[in-house]
Amino acid sequence: MTALTAQDVGVTLLERQVVDGVSLSVPAGTWLTLVGPNGAGKSTLLRAVSGAVAHSGTIAFDGVEVARLRSRERARLVAVVPQDPTRPEGMTVLDYVLLGRTPYIPYLGTESAEDLAMAGELLDTLELRSLSHRLVTELSGGEFQRSVLARALSQQAPVLLLDEPTSSLDLGHAQQVLELVDELRASRGLTVVSALHDLTTAGQFADHLVLLADGRVVAQGSAQEVLTEELISAHYGARVRVLTDPQGGVVVVPLRPGRSVREIGGVA
Ligand SMILES: Nc1ncnc2c1ncn2[C@@H]1O[C@H](COP(=O)(O)OP(=O)(O)OP(=O)(O)O)[C@@H](O)[C@H]1O
Ligand SMILES: [Mg+2]
């Protein structure tokens, strides 16, 4: 169980401040989701948290600053599903998933039976077993995205960063993947920080939402506090109707100009 805190975090890229004064607190075993329009700084903030990009301010895991961790220590603490991962040439799905075990394999050593068993289990869970000997360059977008998640989960880190992890997945696989992450959060106390474009889904899975715009936090709180028609209109320039789900959470429905949500039908 690992808590994550960010205090007054800033990131400057090409002399432009793309993350500016962001402070967050993610208690161990909870799920925080970043939302916000394209270019808001979500991926950059996640990259700062994983130590992939330099930042000002403080990012710490249980009080230990990320900047002080060696890369191997960091890899045991934080696993990442990047928004746009590269597909290594000539690598099978199995070997790709085993990359997640690298922080546990001794220098010049090879993977153990335990590493192979863990990779095999994840291949089953994510319905990749039949593809395990295929090259990652020869998978569909969604098959590869599930392989990236399998690799990240095989790292068995207490903190999981997910940058648009369902962008290529069909509805069924998207639900399956997010439910799996939520089960791991509940059973192993995984701390999850994700960026999600689908606002209804974001509200369904996060304990806490943070709306970023121009690198700054403009709202945070529960789905009902953050996913309002006013905030979505102001920051996304989108016309939406936000419906309250009687079972909790909200449903964000995009609207065509001149059409009311009643014409969409069915949603109460
Ligand atoms: N490597 C880079 N060099 C320079 N500028 C960058 C780099 N990566 C991102 N940016 C800029 O930083 C800003 C934030 O980008 P970022 O990728 O964090 O946005 P995002 O919120 O993840 O957007 P999206 O919803 O499109 O994924 C953007 O203006 C982007 O153009
Ligand atoms: Mg992004």
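The values are calculated or read from the model by the stated rules, or taken from the named source; none is laboratory data. Note that this is a predicted model, so its numbers are computed, not measured. Glycine also receives a Cβ, built like all others from the backbone with ideal geometry; neighbour counts cover every protein chain displayed. Heads up: the accessible areas ignore ligands, DNA and RNA and are worked out on the full protein's heavy atoms, side chains in. Shrake-Rupley method; radii C 1.70, N 1.55, O 1.52, S 1.80 Å.
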Next item on the list: Would you check which residues across the stretch 13-51 are closer than 28 Å to Gly189 by Cβ, within 13 Å of ligand 2 (Cβ to nearest atom) and more than 15 Å from the chain's Cα centre (by Cα) and list them?
Entry: Val19
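Considering each of Glu179, Glu164 in turn, give the residue that is over 20 Å from Glu89 (Cβ atoms) and free of Cβ contacts under 8 Å to residues at least 24 places away in the same chain.
Glu179
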Checklist line | So Gln176, is it open to solvent by 40 Å² or more (accessible area, probe 1.4 Å), more than 16 Å from ligand 2 (Cβ to nearest atom), assigned to a helix (DSSP H, G or I) and not hydroxyl-bearing (Ser, Thr, Tyr) | finding: yes
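Would you check if Ser56 is under 18 Å from Ala152 (Cα atoms) and either more than 12 Å from ligand 1 (Cβ to nearest atom) or loosely packed, with under 15 Cβ neighbours inside 10 Å (or both)?
Numbers: under 18 Å from Ala152 (Cα atoms): no; either more than 12 Å from ligand 1 (Cβ to nearest atom) or loosely packed, with under 15 Cβ neighbours inside 10 Å (or both): yes.
Judged against the criteria, Ser56 is not a match.
Restricting to the stretch 119-163, and then to whatever is of a type in the set (Asp, Glu) and closer than 25 Å to Glu73 by Cα, can you tell me which residue is farthest from the chain's Cα centre (by Cα)? Step through it out loud before you land on a result.
Filtering the stretch 119-163 for residues of a type in the set (Asp, Glu) gives 121, 124, 127, 138, 143, 163.
Then drop every residue that is not closer than 25 Å to Glu73 by Cα, which leaves 121, 163.
Values: Glu121: 21, Asp163: 4 Å.
Out of the qualifying residues, it is Glu121.
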Item checked: Leading residue by the ranking (nearest to Val64 (Cα to Cα)) among those in the stretch 116-165 that are open to solvent by less than 10 Å² (accessible area, probe 1.4 Å) and in contact with a Phe, Trp or Tyr (Cβ under 7 Å, 6 or more places away or on another chain) -> Val159
Item checked: Options Val210, Val251: the member that is open to solvent by less than 20 Å² (accessible area, probe 1.4 Å) and assigned to a strand (DSSP E or B) -> Val210
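One residue is enough: does the stretch 89-106 have a residue meeting the conditions among the β-branched types (Val, Ile, Thr) and within 16 Å of ligand 1 (Cβ to nearest atom)? Let's see the steps before the verdict.
Kept after step one, since they are among the β-branched types (Val, Ile, Thr), are these residues of the stretch 89-106: 92-93, 97, 102, 105.
Retained after the next criterion (residues that are within 16 Å of ligand 1 (Cβ to nearest atom)): none.
Checking the stretch 89-106: not a single residue is among the β-branched types (Val, Ile, Thr) and within 16 Å of ligand 1 (Cβ to nearest atom).
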Next item on the list: Take Leu161 and decide whether it is more than 25 Å from Gly41 (Cβ to Cβ) and modelled with pLDDT of 95 or more.
Entry: no
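What number of residues within the stretch 6-47 are in a strand (DSSP E or B) and either more than 27 Å from Gln224 (Cβ to Cβ) or open to solvent by less than 30 Å² (accessible area, probe 1.4 Å) (or both)? Talk me through it step by step, then tell me what you get.
We begin by selecting, within the stretch 6-47, every residue in a strand (DSSP E or B); these are 6-13, 16-26, 31-35.
Retained after the next criterion (residues that are either more than 27 Å from Gln224 (Cβ to Cβ) or open to solvent by less than 30 Å² (accessible area, probe 1.4 Å) (or both)): 6, 8-13, 16-19, 22, 24, 26, 31-35.
Of the residues in that region, 19 qualify.
Within the stretch 52-73, which residues are under 19 Å from the mean Cα position of the chain (by Cα) and under 16 Å from Thr5 (Cβ atoms)?
Of the residues in the stretch 52-73, the ones under 19 Å from the mean Cα position of the chain (by Cα) are 52-53, 59-61, 66.
Those that are under 19 Å from the mean Cα position of the chain (by Cα) and under 16 Å from Thr5 (Cβ atoms): Ile59, Ala60, Phe61, Val66.
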